[in-house]
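Novice: Sending over a structure as structure tokens; questions will come in a sec.
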Amino acid sequence: MKLGAALSFGVALAVAAGCQRDESVARYAPADAYVLQSLNGAPFGADATLSFPGPDGVTGTGPCNAFSAAQTVPYPWIEIGAIRATKRACPDLALETAYFAALRAVTLAEVSGPTLILSNPGGTEMVFQARN
């Protein structure tokens, strides 16, 4: 009897693990890419994008370079890991530095239609609009 109960419990755990839903930002932010509109309430003066190609990462472009990073916490949280970027210099490198620093600082994600807002309790806020 104990062996049968243990096997049933094991099967139930395996089934439950296989049925887990995707609770990543990628599930809630389905656009191909999001374009940064403002950073901390000010219009962002260059092109910058953010995409969620899967449940465990982000990719995008800063004003100068393409980048990728890990993102593994469930929605509505976000935690962008170390940013791996190409190494091109350009006149907007200071804006890119600010963009990457803000991405690393945000902890909350909110998706409302085509709008994606990334923020943290310290006051960082990034507003993106979907680009499909």
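The values are calculated or read from the model by the stated rules, or taken from the named source; none is laboratory data. What you are looking at is a predicted structure, and each value in this text was computed from that prediction instead of being measured. Quick reminder, even Gly has a Cβ in these numbers, built from the backbone with ideal geometry, and neighbours come from all protein chains shown.
Novice: What are the residues in the range 112-132 that are assigned to a loop (DSSP other than H, G, I, E, B), under 17 Å from residue 101 (Cβ atoms) and not hydroxyl-bearing (Ser, Thr, Tyr), if any?
Specialist: From the range 112-132, those assigned to a loop (DSSP other than H, G, I, E, B) are 113-114, 120-124, 132; that's our starting set.
Still in the running and under 17 Å from residue 101 (Cβ atoms): 120-124.
Passing the criteria: 120, 121, 122, 123.
Novice: Does any residue of the range 76-85 turn out to be aromatic (Phe, Trp, Tyr) and in contact with a helix residue (DSSP H, G or I) (Cβ under 7 Å, 6 or more places away or on another chain)?
Specialist: no
Novice: Here is a further query. Quick one: count up the residues across the range 97-107 that are under 16 Å from residue 51 (Cα atoms) and not in a loop (DSSP other than H, G, I, E, B).
Specialist: Of the residues in the range 97-107, the ones under 16 Å from residue 51 (Cα atoms) are 99-100, 102-104, 106.
Subset that is not in a loop (DSSP other than H, G, I, E, B): 99-100, 102-104.
The total comes to 5.
Novice: Considering only residues that are in contact (Cβ under 8 Å) with a residue 40 or more places away in the chain and out of contact with any strand residue (DSSP E or B) (no Cβ under 7 Å at 6 or more places or on another chain), look in the range 100-132 and name the one that is nearest to residue 71 (Cα to Cα).
Specialist: 111
Novice: What do you reckon, is residue 104 loosely packed, with under 13 Cβ neighbours inside 10 Å and at negative phi?
Specialist: no
Novice: Can I ask one more? Do the conditions hold for residue 51, that is, is it exposed (fewer than 10 other Cβ atoms within 10 Å of the Cβ) and either closer than 24 Å to residue 129 by Cβ or modelled with pLDDT under 95 (or both)? If you could, list the steps in order and put the result at the bottom.
Specialist: Working: exposed (fewer than 10 other Cβ atoms within 10 Å of the Cβ): no; either closer than 24 Å to residue 129 by Cβ or modelled with pLDDT under 95 (or both): yes.
No; evaluated as a whole, the condition is false for this residue.
Novice: A follow-up question, please. Can you pull out the residues in the range 45-55 that are touching a strand residue (DSSP E or B) at 6+ places or on another chain (Cβ under 6 Å) and in a loop (DSSP other than H, G, I, E, B)?
Specialist: Matches in the range 45-55: 48 only.
Novice: Taking only pairs six or more apart or across chains, which ones have beta-carbon atoms under 8 Å, a first residue in the range 58-74 that is aromatic (Phe, Trp, Tyr), and a second residue that is assigned to a strand (DSSP E or B)?
Specialist: Partner pairs satisfying both residue conditions: 67/59; 67/60; 67/61; 67/84; 67/85.
Novice: Out of 41, 60, 122, I need the residue that is crowded, with 16+ Cβ neighbours inside 10 Å and modelled with pLDDT of 95 or more. Which one?
Specialist: None of the others qualify; the one that does is 60.
Novice: Let me ask you something else. So how many residues does the range 77-91 have that are assigned to a loop (DSSP other than H, G, I, E, B), free of Cβ contacts under 8 Å to residues at least 40 places away in the same chain and within 22 Å of residue 114 (Cβ to Cβ)?
Specialist: Result for the range 77-91: 0.
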